[in-house]
There are 4 protein chains.
Amino acid sequence: MGAMRTKNVADEVTRAALELFSTRGYANTSVQQIVEAAGVTKGAMYHYFTSKDDLLFAIYERMLSLQKSRLDEITARGGPAEEVLRAVCVDVMETSIEFLPEGTVFFRSVHMLSEDRQKEVTRRRREYNDQFAAIVERGQASGVFRDDVPMAVLIAHFFSDVHYLSHWYRPEGPETKTEVAQQVTDLFLRSIRKET
Amino acid sequence: MGAMRTKNVADEVTRAALELFSTRGYANTSVQQIVEAAGVTKGAMYHYFTSKDDLLFAIYERMLSLQKSRLDEITARGGPAEEVLRAVCVDVMETSIEFLPEGTVFFRSVHMLSEDRQKEVTRRRREYNDQFAAIVERGQASGVFRDDVPMAVLIAHFFSDVHYLSHWYRPEGPETKTEVAQQVTDLFLRSIRKET
Amino acid sequence: MGAMRTKNVADEVTRAALELFSTRGYANTSVQQIVEAAGVTKGAMYHYFTSKDDLLFAIYERMLSLQKSRLDEITARGGPAEEVLRAVCVDVMETSIEFLPEGTVFFRSVHMLSEDRQKEVTRRRREYNDQFAAIVERGQASGVFRDDVPMAVLIAHFFSDVHYLSHWYRPEGPETKTEVAQQVTDLFLRSIRKET
Amino acid sequence: MGAMRTKNVADEVTRAALELFSTRGYANTSVQQIVEAAGVTKGAMYHYFTSKDDLLFAIYERMLSLQKSRLDEITARGGPAEEVLRAVCVDVMETSIEFLPEGTVFFRSVHMLSEDRQKEVTRRRREYNDQFAAIVERGQASGVFRDDVPMAVLIAHFFSDVHYLSHWYRPEGPETKTEVAQQVTDLFLRSIRKET
DNA sequence: TATGAATGAGTTTTCATTCAT
DNA sequence: TATGAATGAAAACTCATTCAT
């Protein structure tokens, strides 16, 4: 008893949209295709989402919230900068692999969002980046990270790996998500550690 | 003779398409907008390009050819693996900065190409990656590069930086293209060099 | 007892519909907007009105009944034709100004009613016109009103003023409703009075 | 030879739109119905008109221009105020009868125009009214028209008749357009003439 | 080579109304 | 009485592409 018999309309639609947006692209997916894949009617969909754009933003919203909360959690635990940074990097990579379709959509379709929402996404990503940068700065202050490379370059050097995952990583491939997360984090940390 | 009096239609269209695709996105750009921006008529455009897709592919074609020829040229010069790899990396970064709009389109719009052309692009990028991997392998064989990380990860770790450029680099920003190219290449090489 | 605790649903809906229909137009007003403005739910509204059309007709019904009853009342009082006609004209003008939003809807949206109801409205307006015409005829018979102009023209000449009110009269403007009612009635009576 | 074989798309569409808007109303007429009645495709229609609203405005534009040019022409001829006013009134009435469908749409559907265009229509109608008022003022100055009634009321008293035509006049009815124009103009002039 | 009117299938969105609860 | 999720038909509009000239 208590089992949810009725699949929630909003959930089914979101799921179908994610699947289609990530495989065919936002512009190549029609609302018709989404509702068919979700097994609901167009009217029902528009009862929960005000537009196709709204559906896209829901995916962004979810990713942004998730990333933010995980970053908060890890930084809250405290510890030496390098240790925290390592934990953050591994976690971001792992999470990004778990949410690979979301990532595909995330990086590919920002420009399809309404202008206001693009700004909102940019704002929240900047917030996230600043928080990330603060950890690196702490490491620089304590002498473990190099400071002869602009912060922007360092940040980009790491997030490019996150970004790129959906372009090459295949879950069915030889590397597990944990291995890849560790390996990439190692490469990154090695490159920014102050040489002794 | 030889004086180019008439602006070439195909060139003007390609230029306008690149500009619009990179700023507004392929799907958000209509053929009408392209021909208006190019100052030609629709009929004229369709005389030179068979479809909107064709226009998009022209941008890919140009990028792929350019990258290939530069890689060929540098590898042809020969030299120690690390030296060659450094030259290749710096060159790719610099070229990618010079062709930033092309890069924006390149990474954002592959899924908008016809299936056949997507395969063609994939094939040529794989070719390029293999050539790049060969240099890394040579360095591994000669003991200068580490071999405890899968090649796929190493490759991705570098190309992610190339890819990510259009997401963060601004020509009007503080860093010159040469600086960034050097810095990123340093970070990359430091991370893959065998520790002594 | 007697305290009206609950705002009547039907009244609130009618009030909101009138407001919206008169400002935005019937076609530009959605049922959703009406129920929101009325502070009720869609289900509640459909409990009292069978359709949006029904809501529109309620406005007509109210106006037609009101006009009819006032005309009946005035004619019942009797008196010389010119005196009666003057009273009727002044009253119609004043009432129309008091119910300006209703008038806006009344004259603008007949064609949005169902065919049956359009006929019903036409029927009752004809009835009203005939009663009005009877007064004029009485005045013609007694020699105070001219009879060299077709009755249809005379009638139209007056009702056009009533009709037009919502197009130019502004309650916040310089003229009071009584002044305008008197002035227009004077103009009308002067034009139909038999010259001596 | 020389006969226009090809019915112009824009003309056919305008004609069909006028017919449908005047009989069924703007909101009750779909673009589909218009293009079917005009015998053209939707795409062709949108080649000439940017929106359904555009189609509606075309009708307004035509009416406003026509009225303006006729008023200009008559006032340009000059003469005593009463004579000019009579000519203007008769002409407006006659023209309005000739363009009865346009009038129906004109007075019924202003609120369906985009806000900008509503303002444009208001502006041009005010211009027209001012020009009309100037004639009345001249007559007041020369002592032939009464000045004990606000100008706004006088103006409204006449234009209400113009407005109302489409609500009662039927070309197939007993009165010819010339008769009605004369009769209504007489009624109006009688009511505003200064009593002696 | 080049024009630009025309096509027609497709798009997103709206909305009055119904109905299980 | 009242809810509000869901329906389904229709709406306006877009746009890559074609083709007679």
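The values are calculated or read from the model by the stated rules, or taken from the named source; none is laboratory data. In this text, all values refer to a predicted model and were calculated from it rather than measured experimentally. Neighbour counts run over all protein chains shown; Cβ positions are idealised from the backbone, glycine included.
Checking each residue in region A:125-146 for being under 30 Å from B:Ser109 (Cβ atoms) and either polar (S, T, N, Q) or in contact (Cβ under 8 Å) with a residue 40 or more places away in the chain (or both) picks out A:Arg125, A:Glu127, A:Tyr128, A:Asn129, A:Phe132. Considering D:Lys68, D:Lys52, the condition of being among the basic types (Lys, Arg), within 14 Å of DNA strand E (Cβ to nearest atom) and either within 12 Å of chain C (Cβ to nearest Cβ) or in contact (Cβ under 8 Å) with a residue 12 or more places away in the chain (or both) is satisfied by D:Lys52 alone. Are any of the residues in region C:146-158 modelled with pLDDT of 95 or more, over 24 Å from D:Met93 (Cβ atoms) and either of a type outside the set (A, V, I, L, M, F, W, C) or within 15 Å of the chain's Cα centre (by Cα) (or both)? No; the residues of region C:146-158 include none that is modelled with pLDDT of 95 or more, over 24 Å from D:Met93 (Cβ atoms) and either of a type outside the set (A, V, I, L, M, F, W, C) or within 15 Å of the chain's Cα centre (by Cα) (or both). When every residue of region D:68-79 is checked against the conditions, at least one turns out to be crowded, with 16+ Cβ neighbours inside 10 Å, β-branched (Val, Ile, Thr) and out of contact with any Leu (no Cβ under 9 Å at 6 or more places or on another chain). Taken as a whole, the structure places A:Ala10 among residues that are assigned to a helix (DSSP H, G or I) and not aromatic (Phe, Trp, Tyr).
For B:Thr104, are the conditions met, namely being of a type in the set (Ser, Thr, Tyr) and within 16 Å of DNA strand E (Cβ to nearest atom)?
Considered against the rule, which asks whether it is of a type in the set (Ser, Thr, Tyr) and within 16 Å of DNA strand E (Cβ to nearest atom), B:Thr104 comes out as no.
For A:Leu189, are the conditions met, namely being in contact with a Leu (Cβ under 9 Å, 6 or more places away or on another chain), more than 7 Å from chain B (Cβ to nearest Cβ), farther than 24 Å from B:Gln182 by Cβ and assigned to a helix (DSSP H, G or I)? No: the conditions fail for A:Leu189.
Of all the criteria given as (1) in the same structural domain as C:Gln182 (by TED's automatic domain parsing); (2) under 30 Å from D:Leu20 (Cβ atoms); (3) of a type outside the set (Val, Ile, Thr), the one not satisfied by C:Ser22 is (1). Filtering region A:75-123 to residues that are small (Gly, Ala, Ser) and farther than 18 Å from A:Thr29 by Cβ leaves A:Ala76, A:Gly78, A:Gly79, A:Ala81, A:Ala87, A:Ser96. The residues on offer are C:Val40, C:Val9, C:Val35, and the sole one that is at pLDDT below 95, within 16 Å of DNA strand E (Cβ to nearest atom) and not small (Gly, Ala, Ser) is C:Val9.
Of all positions in region B:28-48, at least one carries a residue that is within 14 Å of chain A (Cβ to nearest Cβ) and either exposed (fewer than 14 other Cβ atoms within 10 Å of the Cβ) or more than 23 Å from B:Ser114 (Cα to Cα) (or both). Checked against the criteria, C:Thr95 counts as assigned by TED's automatic domain parsing to the domain that holds C:Phe57, surrounded by 14 or more Cβ atoms within 10 Å (Cβ to Cβ), of a type in the set (Ser, Thr, Tyr) and farther than 20 Å from D:His163 by Cα.
Return a yes/no flag: does region A:93-102 have any residue that is within 16 Å of DNA strand F (Cβ to nearest atom) and either of a type in the set (Gly, Ala, Ser) or outside any helix (DSSP H, G or I) (or both).
No, region A:93-102 contains no residue that is within 16 Å of DNA strand F (Cβ to nearest atom) and either of a type in the set (Gly, Ala, Ser) or outside any helix (DSSP H, G or I) (or both).
Residue count for region D:26-64 under the criterion of being of a type in the set (Gly, Ala, Ser) and more than 11 Å from DNA strand F (Cβ to nearest atom): the result is 4. Regarding C:Leu71, is this residue part of a helix (DSSP H, G or I), closer than 22 Å to C:Asp116 by Cβ and not charged (D, E, K, R)? In short, no. B:Ala141 - would you say it is small (Gly, Ala, Ser), more than 11 Å from chain A (Cβ to nearest Cβ) and out of contact with any strand residue (DSSP E or B) (no Cβ under 7 Å at 6 or more places or on another chain)? Here the answer is yes, as B:Ala141 does meet what is asked.
Has region A:112-124 got at least one residue that is more than 9 Å from chain B (Cβ to nearest Cβ), in contact (Cβ under 8 Å) with a residue 24 or more places away in the chain and on the phi > 0 side of the Ramachandran plot? No, region A:112-124 contains no residue that is more than 9 Å from chain B (Cβ to nearest Cβ), in contact (Cβ under 8 Å) with a residue 24 or more places away in the chain and on the phi > 0 side of the Ramachandran plot. Of everything listed in (1) touching a Pro at 6+ places or on another chain (Cβ under 9 Å); (2) within 14 Å of another protein chain (Cβ to nearest Cβ), the single unmet condition for A:Ile155 is (1). Condition check for C:Glu179 on (1) surrounded by fewer than 17 Cβ atoms within 10 Å (Cβ to Cβ); (2) over 20 Å from the mean Cα position of the chain (by Cα); (3) at the interface with chain D (Cβ under 9 Å from one of its Cβ atoms): one failure, at (2).
Of the listed requirements (1) farther than 20 Å from D:Arg70 by Cα; (2) exposed (fewer than 13 other Cβ atoms within 10 Å of the Cβ); (3) more than 9 Å from every other protein chain (Cβ to nearest Cβ), D:Glu195 misses just one: (3). From the list B:Val92, B:Val105, the one residue that fits, being under 16 Å from B:Ile155 (Cα atoms), modelled with pLDDT of 95 or more and of a type in the set (Val, Ile, Thr), is B:Val92. Only residues that are under 19 Å from the mean Cα position of the chain (by Cα) and either more than 9 Å from chain A (Cβ to nearest Cβ) or closer than 15 Å to A:Ser191 by Cβ (or both) were counted in region B:165-176, giving 4. Criterion first (in the same structural domain as D:His111 (by TED's automatic domain parsing), more than 30 Å from D:Arg146 (Cα to Cα), away from DNA strand E (no atom under 16 Å from the Cβ) and charged (D, E, K, R)) does D:Glu61 satisfy it? For D:Glu61, the condition - in the same structural domain as D:His111 (by TED's automatic domain parsing), more than 30 Å from D:Arg146 (Cα to Cα), away from DNA strand E (no atom under 16 Å from the Cβ) and charged (D, E, K, R) - is met.
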